[in-house]
Amino acid sequence: MTAPAPTRPLPVVPGPEPVPTLASLGPPRLLAGLDEAPRLDRVAHLARHGGPPRLTAQELVALAEDTDLRGRGGAGFPFARKLTAVLDGMRRSDGRAAVVVNGSEGEPSCLKDTALLLHVPHLVLDGALLAAEALGAQEVAVGVTRSDVAHSVQRAIDERGPVRPALRVTLLTERFVTGEGSAMTSGLGGGPGLPSGRKVRSSERGLNGVPTLLSNTETFAQLAVAARLGALGYRTAGLPAEPGTLLLTVAGNRVVEAPYGVPLARVLALCGLDQGQGVLIGGYHGTFISPADAATATLSRAALATHDAVLGAGAVLPLPYDTCPAGETVRVARWMAAESAGQCGPCVLGLPALADQLDRAVRGGGETALQAVQARMRAVEKRGACSHPDGTARFVASALAAFPEEFERHARGFGCGRPVTGALPVTGHQPPPDTAPAPSRSPSPPQERLLVDWTLCRGHGLCADVVPGIVKLGPDGYPQQASMPMPARMRRRAQLAVRRCPALALRVQDAN
């Protein structure tokens, strides 16, 4: 294996969102050319990579099989099987199809797809158009959740001029579940962008009701590289059973391209890091592995399976020695609960309850609190409209298993004396569990509120069932408050509560 050859750090793209530093282990493929320019426009892209070939559907399936190309968004589903499923769906319907590039990275620990769309968007579009032309799809839609990414993709589309099939990019609501398949196709189709809760494959009924090839950003970029190199050329990197390279987001701010089979310790060393107290692999639906295992682990599906871990969306998060693992876990659990789509009980009720019980245990709640955490995890598993409750419970269970002494010590009231540094990043600038928010000198922005008219309220209690995170009932069965702040993400459910109130005692007060 060649010696580490990191690329130079790239200039930061203007904007409020974090932009990763890029590096590579060995000759880069997806990140090729970024040591010379911060973004490859159409001309620079063609000068670096050349034009893509044109493949039939059968040739594309064969290429995906020969390279063992798999989805890079989490599940690692074989791309050839996705293609075949879409072709089968087209034969059973009217022959129409669509291609969707899932550019949503709702998790703060993931930036690899963002890096591709900001810096090499044409490589992603090449892969999507290659698949669309092979399938005879009528449309290629790219779904993103960052304005700077949407701008970069739109620039790339404009640089190409008119193409067939048509290309478009859509800026969707930023939330953790936006990248779920049915939520993505719903949002791109003008819907609410929420998981459907129905077991309907996008290959059968996806964007606008037609069979849809849906995969994440890196998958299409890898397809574009594989088409140019051919199966044999693609297999010159990586392992015989897992060929090619992969992108990793390390510590939430660095994107590294590495061949499959590279030692995890080598990736961390390239970024100036070590194993710390353990490493979270796969992001917030992933698994912690111990420092000893992290020191010897290699990054491949087979090797990580021995640690009950998967690469998932490619997030690698070492936990430094100077932060509290228990507090970090509570912080992420609270964020995951807040990222609920708000449409099923296990998310709306179960995840906040899980985070509350975990917080209680870490604050000295004793053995009963730890037992309550286990009960709350069992209560949400396999019950959600999407995989968010299962993934959140898996994250908490992994943390409990990785740091048992930490949680036991905190539950008994001893703690560890370390602060919560935010080594596991979350959005929203949440304070650590043991830190009060700093006082603000400026007034908070106005917020919509849900109001109760006491002259009409009859204590039916239906409102608490519809918006349990906002309305809390007192011992008499009536709401505890007449005016309740309402987060923007809960507006739809609050309006539903207004419509369902038998006594017409509820209304939403505008923020202004």
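Miscellaneous remarks
- Placing dummy labels 7 Å off each Cα toward the beta-carbon, the span from Y321 to S483 is 5.2 nm.
- Placed amide H near E139: partners under 5 Å, 5+ positions off or other chain: V99
- Take every Cα pair under 8 Å whose residues are at least 6 apart in sequence, average their separation, divide by the length of the chain, and the relative contact order is 13 percent.
- A crude spin-label estimate for the pair R507 and R458, with each label 7 Å from Cα along the Cβ direction, gives 2.0 nm.
- Separation between Cα centres of the range 397-427 and the range 178-198, rounded to whole Å: 34 Å
- Calculated from backbone phi, Karplus (6.51, -1.76, 1.60) coupling profile of the range 36-47 in Hz, x at Gly/Pro: 10, 8, x, 8, 8, 6, 4, 5, 5, 5, 5, 5
- Over the range 250-407, equivalent-ellipsoid semi-axes from the Cα gyration tensor in Å: 28, 18, 13
- Degrees, to the nearest 10: 325-338 long Cα axis against longest axis of the chain: 90 degrees
- The structure shown yields Rg/Rh (Cα atoms, Kirkwood Rh), and of the options (1) 0.99; (2) 1.06; (3) 1.14 that calculated value carries the label (1).
- A DSSP coil position with no more than 12 other Cβ atoms inside 10 Å describes the following trypsin sites (Lys or Arg not before Pro) in the range 331-393: K382.
- Within the accessible area of the chain (1.4 Å probe), percent carbon and sulfur: 53 percent
- Estimated FRET transfer efficiency (N208, R155; beta-carbon r; R0 25 Å; 0.05): 0.50
- Inter-probe distance in nm under a simple model that places probes 7 Å from Cα toward Cβ, at K472 and L496: 2.2 nm
- Note on exposure: E408, E107 ranked by accessible area (1.4 Å probe, complete protein assembly) read E408, E107, with the most exposed listed first.
- Once the Cα atoms are used to define both axes, helix 79-92 deviates from the longest principal axis of the chain by about 80 degrees.
- C-alpha long axis of helix 147-160 to longest principal axis of the chain, angle in °: 30 degrees
- Averaged over its residues, the chain has an accessible area of 43 Å² per residue, based on protein heavy atoms and a 1.4 Å probe.
- Relative contact order [Cα under 8 Å, 6+ residues apart], the range 308-418, whole percent: 31 percent
- Taken over the range 57-115, the convex hull of the Cα atoms encloses 106 Å³ per residue.
- Qualifying lysines (Cα of each under 19 Å from Cα of K199; at least 8 residues distant if same chain): K82, K382
The values are calculated or read from the model by the stated rules, or taken from the named source; none is laboratory data. Just so it is clear, the structure is predicted and the values come from calculations on it, not from any experiment. Methodologically, a virtual Cβ is constructed for each residue, glycine included, from the backbone with ideal geometry; neighbour enumeration extends over all protein chains shown. Only protein heavy atoms, including side chains, enter the accessible area calculation; ligands, DNA and RNA are left aside. Shrake-Rupley method; radii C 1.70, N 1.55, O 1.52, S 1.80 Å.
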